[in-house]
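The values are calculated or read from the model by the stated rules, or taken from the named source; none is laboratory data. All values derive from a computational prediction rather than experimental measurement. Accessible surface is based on the protein model in full, side chains and every heavy atom, while ligands, DNA and RNA are left aside. Shrake-Rupley method; radii C 1.70, N 1.55, O 1.52, S 1.80 Å.
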Amino acid sequence: MKQKRYNQEFKETIVELYRAGTPVNQLASEYGVSEVTIYKWIKVHSPIGGNESLTPAEIAAIQKENLRLKQEVEIFKKAMTIFAKK
């Protein structure tokens with residue numbers, strides 16, 4: 001069976017509806033999304049901790065960007081050693 005793909009805006013809308021008080025089972029039946037999927041979206045798009053405003057998805061994006069930047073720094077270091085020798 002082919003898996004459905006939902007865009008980010010749709011996911012965030014479902015989460016906002018949940019936060020506004022709509023029960024998950026009602027959202028699942030209205031929008032044709034499984035309850036398990038909705039609970040996953042809620043977890044991903046909910047802030048971590050009491051006062052934090054970062055969601056797990058945002059933290060994952062920050063970590064990915066951090067890794068990319070570390071790789072760039074390593075490339076620049078290697079390039080500098082090559083050009084410094086000339």
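Rolling a 1.4 angstrom probe over the protein heavy atoms, how many square angstrom per residue are accessible across the chain?
Value returned for the chain: 84 Å² of accessible area per residue.
For the chain, what is the mean residue ellipticity at 222 nm derived from helices alone (per DSSP H run of n ≥ 4: -39500 (n - 2.57); sum divided by total residues; nearest 500 deg cm²/dmol)?
Rounded to the nearest 500, it is -23000 deg cm²/dmol.
Quick test of the membrane-span-like rule: which DSSP H helices of the chain reach at least 15 Å along their long axis (C-alpha atoms) with mean Kyte hydropathy at least -0.5?
Helix filter hits for the chain: 56-85.
Multiply the residue gap between Leu67 and Lys43 by 0.36 nm, knock off their C-alpha separation, and tell me the result in nm, one decimal place.
6.3 nm
Carbon and sulfur: what percent of the chain's accessible surface (1.4 Å probe)?
Answer for the chain is 58 percent, counting heavy atoms of protein chains only.
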